[in-house]
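The values are calculated or read from the model by the stated rules, or taken from the named source; none is laboratory data. Worth saying up front: this structure is predicted, and the values here are computed from it rather than measured. SASA here: full protein model, heavy atoms, side chains in, ligands and nucleic acids out. Shrake-Rupley method; radii C 1.70, N 1.55, O 1.52, S 1.80 Å.
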Amino acid sequence: MIKPLYNNVLLKKVDASKTTASGIILSQKEEKEDYAVVAAVSDCKEVKIEDKVYEMPLKAGDKVMYRKYSGTEVKDGDEEYILIKAEDILAIVE
């Protein structure tokens, strides 16, 4: 397992394909979805964003929306992840 350091967060990509209730698979968008699930968070308790310090708002299992084209894509076995700075996460999706 990959353990992020400092203000980094490990995100697991969410499958972009969508299936209707009857099982019909809808076509995928060509552009990637900007949603992911938090797989791991660094041990840092605070995040510094533009000279302000905030409490780390993320925990494993949160579904989040992140800044497009940010982070580093990594593979661990067959799983694909994005290693991203906490400040590049825009919102928690409820």
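Going by accessible area, probe 1.4 Å, with all protein chains left in place, what is the ranking of MET56, MET65, largest first?
MET65, MET56
For SER70, what residues show an amide H to amide H distance below 5 Å, using hydrogens built from the backbone and excluding near sequence neighbours?
Residues meeting the criterion, in which the H sits 1.01 Å from N, do not exist here.
Which whole-Hz ³J(HN,Hα) couplings does the range 41-46 yield from phi under the Karplus relation 6.51 cos²θ - 1.76 cosθ + 1.60, θ = phi - 60°, glycine and proline marked x?
10, 5, 6, 5, 8, 10
Could you give me the percent of Cα pairs per 10 Å distance bin for the range 41-92, shortest bin first, beginning at zero and ending with the bin that holds the maximum distance?
P(r) over the range 41-92, rounded to whole percents: 21, 54, 22, 3.
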